[in-house]
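Every read-out reported here was derived from the displayed coordinates using simple, explicitly stated rules and does not represent laboratory data. Nothing here was measured: the structure is a model prediction, and the numbers come from that model. Virtual Cβ from ideal backbone geometry, glycine too; neighbours counted across all protein chains shown.
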Amino acid sequence: MFNLADQLALSRNRPAGFDYMRIALAAAVICLHSANVTLGLGRAMEIVGHFRTVNAMILALFFTLSGFLVTASLLRCKSLLSFIGLRVLRIAPALVVETTLSAVIIGPIFTAIPLAQYFADSRFHVYFLNVVGDMHFELPGVFLHNPAPDLVNAQLWTVPYELWCYAMLALLAATTICFNRVLYLGFLVFAQIGLVCYDIYHSDELFIHLRPHLLVFSFLLGVGFYLWRDKVPFNRAACLFALVLCAAGMAGGRGDAIFVVPAAYVACYLGLMNPRRSWIVSSGDYSYGMYLYGFVIQQCVAAVGPSVQCWYLNVLISLPIAFGVAVASWHLVEKHALRLRDQLERFEAAVLSRISIVGFWRRLPRPV
């Protein structure tokens with residue numbers, strides 16, 4: 001049986017599918033947010049609610065592919081010190097820059113209040129807590145006259161859950177659960193039973209997207225698919241069946257805890273495909289920058305006036321700008337931050353050689 005591990009080996013552990021997926025999903029998020037920034041949140045929810053499957057699928061795919069790829073990174077690390085350090089290097093620098101640019105440059109340009117009042121406002125100060133995962137979406141007086149007033153970076157609501165994913169995986173590594181794939185599979189089954197019960201109990205609550213706890217579960221499913229990659233078939237028919245199953249199941253907003261499993265398989269199958277690389281994915285990873293800057297750029301475009309407050313115009317203008325800013329973010333910030341990996345590994349080696357106690361920073365075992 002040709003499986004996920006075989007397909008991964010064919011691409012020398014670097015399939016292009018995941019790179020294309022990240023770009024496509026980041027662009028899809030911008031397209032979906034165009035309704036919010038041009039119609040206002042209330043009207044947008046009514047319209048986007050008809051495309052509930054798309055909302056749910058995008059989030060499920062994003063978090064699953066993150067879990068799959070981050071697990072591969074974890075297994076290459078000698079200890080949790082380098083694993084956590086690499087996550088910080090990937091997430092924090094660009095987030096710090098985006099937060100600072102939004103507060104110090106975009107905010108003063110688009111605020112409707114005097115600058116002295118803007119910089120003295122407590123909302124300006126607490127906005128910088130975004131860099132540590134404490135999300136704040138407003139800046140004083142900014143975008144007040146937009147269809148979606150006040151919101152500067154609504155897309156960042158998923159960042160705390162991504163951080164929870166990393167914390168969960170670090171805990172599972174520290175307890176060695178994720179290094180015993182049978183034990184990890186039992187953990188997933190137990191978690192899914194609990195989540196299904198939770199969904200049944202809260203069946204009267206409908207979400208336009210996945211509930212936050214299912215974002216973390218999608219990530220953990222990605223971890224599981226990586227650990228069991230040599231037993232999971234890489235099959236086009238299975239992918240199509242899984243796609244139809246989760247698309248139909250997620251349309252109503254009930255039973256998501258079950259249907260994120262086939263969605264996770266779709267994410268792994270598409271990600272492991274290895275089409276020819278174009279310059280878009282071979283020159284850098286621009287998906288994170290598009291995610292960080294997409295919404296605030298869309299709000300800036302909407303602030304021009306009613307003449308551009310149409311969803312497709314917002315997409316046509318915002319998407320290329322967001323991509324250009326993402327390219328700059330990668331080459332000026334993210335790429336240089338990742339070059340600190342060598343220093344991190346040297347620091348890790350020094351710590352492991354000098355600290356003999358068995359604890360959080362111990363060497364990680366190999367999966368069984």
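Data overview
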quantity	calculated
Which of ARG346, ARG52, ARG229 has the fewest Cβ neighbours within 10 Å, and the rest in rising order	ARG346, ARG52, ARG229
Fraction of the pair-distance distribution of segment 61-150 above 21 Å, Cα-Cα pairs, percent	47 percent
Length-normalised contact order for the chain - Cα pairs under 8 Å, 6+ apart - percent	34 percent
Hz values of 3J(HN,Hα) by residue in segment 92-97 - Karplus curve (6.51, -1.76, 1.60), Gly and Pro given as x	5, x, 5, 5, 4, 5
Order of PHE234, PHE63, PHE51 - criterion: other Cβ atoms within 10 Å of each residue's Cβ, fewest first	PHE51, PHE234, PHE63
Net charge of Cβ neighbours under 15 Å - reference ASN3; Lys, Arg +1; Asp, Glu -1	+2
Value of [θ]222 nm, deg cm²/dmol, for the chain, DSSP H segments ≥ 4, -39500 (n - 2.57) each, nearest 500	-21000 deg cm²/dmol
At q = 0.10, 0.13, 0.14 Å⁻¹, base-10 log of I(q)/I(0) for the chain (Debye sum, equal scatterers on each alpha carbon)	-0.68, -1.14, -1.30
Gap separating the Cα centres of segment 1-47 and segment 101-137, nearest whole Å	30 Å
Neighbour-count ranking [beta-carbon atoms within 10 angstrom, fewest first] of ASP150, ASP134	ASP134, ASP150
In nm, spacing of pseudo-spin labels at ALA116 and ILE47 (7 Å Cα→C-beta vector)	4.2 nm
